[in-house]
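This report refers to the structure that appears directly beneath it.
The values are calculated or read from the model by the stated rules, or taken from the named source; none is laboratory data. Owing to the predicted nature of the structure, the values given are computational and were not obtained by experimental measurement. Positions of Cβ are backbone-derived with ideal geometry, glycine not excepted, and every protein chain shown enters the neighbour counts. All accessible areas refer to the heavy atoms of the entire protein, side chains included, with ligands and DNA or RNA removed. Shrake-Rupley method; radii C 1.70, N 1.55, O 1.52, S 1.80 Å.
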Amino acid sequence: MFDSDEPKISGKEYHIACGPGDVAHYVILPGDPDRTPKISSYWDAVTFKASHREYVTHTGKYKGKDISCTSTGIGGPSLSIAVEELFRIGARTFIRVGTTGAIQEQINVGDLIISSGAVRLDGASKAYVRQEYPAFADLEVTFALIEAAEGLGLPYHVGVTASTDSFYAGQGRPCFNGYDQSWMATLIPDLKKAGVLNFEMESATLFTLTRLYGGRAGAITAVIAQRETGQFKADAGLEGAIRVGNEAVRILSEWDALKERKKKKYVYPSLFSQV
Ligand code: URA
């Protein structure tokens, strides 16, 4: 039994099992709990904070900057729980680091995709706000991801992602015993014509929630599936996406310090050249 409508256990958020002071302002969000230690292996200092259900949290320092990582599990519903609870304990800037399936021919397995926005084919974001509300990534987080990918010399693409709640039917894949629906035949061709780059399962929910709650979010995913050619390579490019995510946190925290020094709300190109 909980004594309020904000479920907590011993002062910790019910699902992520973390409380105030356990996480940094900047949080990396992989889906897979096994990726939390992979991401924190690049840090200078790491403290294990919690492991409960699909949510594994580490907090520490990366190149001297405060950083956390919480896995979200697969899909919008479990990500929405993580993001709700992380906001309640002080996190504000989020970077999803995950994997994806590309639907455009020019994108190769192992490339990275930085999502500038997401088609809301999820269900979780619809619980929060009407369907017409846009799911778009924060500009500064997106630029930090681009800066990091350029700095590391990794191949990347920037554009619109489609986020679904279903890996198989929802992304037009063959289902068990040949089950299908007529719209599945037109799903990928229609999204391709609209310039959508890829499918994944969390960014639309993440972008919608962080926008509603006054936070910031971006997403970088590694292409493990090429839906045009049928190629699939588990974890291709993932190491690169992890390095970009960590570097983007360093870059953002430097930009945030610059904004504070200059008393500005946003970064913009000429701010960097002002002394
Ligand atoms: N994640 C997805 O959601 N789809 C893919 O094709 C690959 C990873």
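Report the rotationally averaged projected area of the chain based on its alpha-carbon convex hull, in square nanometres.
The directionally averaged projection comes out at 16.2 nm².
When you take every Cα atom in the range 8-72, what is the radius of gyration, and what is Dmax, the widest Cα pair distance, in Å?
11.0, 33
Could you work out the Rg to Rh ratio of the range 148-208, with Rh taken as the Kirkwood radius (inverse of the mean 1/r over all Cα pairs)?
1.08
Apply the Kirkwood formula to the range 1-140: the hydrodynamic radius equals the inverse of the mean of 1/r over all pairs of different alpha-carbon atoms; give it in Å with one decimal.
Evaluated on the range 1-140, it is 16.3 Å.
To check my understanding: the extent here is largest minus smallest coordinate of the Cα atoms along each principal axis. What are those three numbers for the range 91-130, in Å, largest first?
34, 25, 15
Per residue, what volume in Å³ does the convex hull of the Cα atoms of the range 155-275 enclose?
Value for the range 155-275: 148 Å³ per residue.
Could you point to the residue in Pro30, Gln181, Asn246 farthest towards the positive end of the chain's charge dipole, with +1 and -1 charges on the Cβ of Lys/Arg and Asp/Glu respectively?
Going by the Cα projections, it comes out as Asn246.
About its Cα centre, what dipole magnitude does the chain give when the only charges are +1 on Lys and Arg Cβ and -1 on Asp and Glu Cβ, stated in debye to the nearest 20?
680
Taking only the alpha-carbon atoms of the range 52-210, what semi-axes of the equivalent ellipsoid follow from 5 times the gyration tensor eigenvalues under a square root, in whole Å, largest first?
27, 20, 15
Could you identify which residue out of Thr47, Thr99, Thr208 has the top mean-square fluctuation in a GNM of the chain using Cα springs shorter than 10 Å?
Per the Cα network of the chain with a 10 Å cutoff, Thr47 tops the list.
With all distinct Cα pairs included, what does the Kirkwood hydrodynamic radius of the range 1-44 come out to in Å, to one decimal, could you say?
By the Kirkwood definition, the hydrodynamic radius is 12.6 Å.
Accessible area per residue for the chain in Å², computed with a 1.4 Å probe and the full protein assembly in place, what is it?
46
For the chain, modelled as a Gaussian network with Cα springs under 10 Å, which listed residue fluctuates most, Gly123, Gly178, Gly21?
Gly178
Which ³J(HN,Hα) values in Hz, rounded to whole numbers, follow from the phi angles of the range 13-23 under the Karplus curve 6.51 cos²θ - 1.76 cosθ + 1.60, where θ = phi - 60° and Gly and Pro get x?
Per residue, the Karplus-derived 3J(HN,Hα) values read 4, 4, 8, 7, 6, 10, x, x, x, 7, 10 Hz.
For the range 8-264, what % of the accessible area comes from carbon and sulfur atoms, probe 1.4 Å?
54
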